[in-house]
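The values are calculated or read from the model by the stated rules, or taken from the named source; none is laboratory data. For clarity, every value in this text was computed on a predicted model and none was experimentally measured. As a convention, Cβ positions derive from the backbone with ideal geometry for all residues, glycine included, and neighbour counts pool all protein chains shown. Note: areas computed on protein heavy atoms with side chains; ligands, DNA, RNA excluded. Shrake-Rupley method; radii C 1.70, N 1.55, O 1.52, S 1.80 Å.
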Amino acid sequence: MLDRVVRRPDGQVIRDSVSLVDLPQGLERFREVQTAHRTFWGALFWSEVQRQPVLNVRTPIRRIDDAFIGGLLATVAVATCPT
């Protein structure tokens, strides 16, 4: 499961959990973070929530002994949503 926080176009912030297999290329993207050892830019992808392409930056979270314990993904919309 993936815990996420999403800001909707109307400004509402929602926290939920979603299965990685329910996201397009979810497992593939998770494995990229899991095997990484530094922050990196992911490929541009389409956000159904924002109805536009988004840029994303990802970073693995590791213990001092280098064991993977999670990852952080931040996205930025390419265009401004109309209000």
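If you go through region 1-28 and keep only what is closer than 13 Å to Val49 by Cα, hydrophobic (A, V, I, L, M, F, W, C) and open to solvent by less than 80 Å² (accessible area, probe 1.4 Å), you end up with Val6, Ile14, Leu23.
Mind listing just one residue for me: the one in region 56-83 that is under 19 Å from Asp3 (Cα atoms) and without any contact (Cβ under 8 Å) to a residue 24 or more places away in the chain and, of those, least open to solvent (accessible area, probe 1.4 Å)?
Here is the first cut: in region 56-83, the ones under 19 Å from Asp3 (Cα atoms) are 56-62, 68-76.
Then drop every residue that is not without any contact (Cβ under 8 Å) to a residue 24 or more places away in the chain, which leaves 56-57, 61, 69-70, 72, 74, 76.
On the way: Asn56: 1, Val57: 43, Ile61: 70, Ile69: 106, Gly70: 17, Leu72: 107, Ala74: 51, Val76: 88 Å².
The residue in question is Asn56.
Checked against (1) of a type outside the set (Phe, Trp, Tyr); (2) part of a strand (DSSP E or B); (3) open to solvent by 80 Å² or more (accessible area, probe 1.4 Å), Gly42 meets all criteria but (3). In the condition set (1) in contact with a strand residue (DSSP E or B) (Cβ under 8 Å, 6 or more places away or on another chain); (2) farther than 25 Å from Pro9 by Cβ; (3) not in a helix (DSSP H, G or I), Ile64 is compliant with all but (1).
Hey, can you tell me all the residues within region 45-54 that are open to solvent by 80 Å² or more (accessible area, probe 1.4 Å) and either closer than 15 Å to Leu23 by Cβ or not in a loop (DSSP other than H, G, I, E, B) (or both)? Passing the criteria: Trp46, Glu48.
Quick check: anything in region 40-52 in contact with a helix residue (DSSP H, G or I) (Cβ under 6 Å, 6 or more places away or on another chain) and modelled with pLDDT of 90 or more? Show your work before the answer.
First pass over region 40-52, keeping only residues in contact with a helix residue (DSSP H, G or I) (Cβ under 6 Å, 6 or more places away or on another chain): none.
No, the conditions are met nowhere in region 40-52.
Of all the criteria given as (1) in contact with a Phe, Trp or Tyr (Cβ under 9 Å, 6 or more places away or on another chain); (2) assigned to a loop (DSSP other than H, G, I, E, B); (3) among the charged types (D, E, K, R), the one not satisfied by Arg29 is (2). With respect to being open to solvent by 40 Å² or more (accessible area, probe 1.4 Å) and either in contact (Cβ under 8 Å) with a residue 12 or more places away in the chain or among the aromatic types (Phe, Trp, Tyr) (or both), Arg31 falls outside the description.
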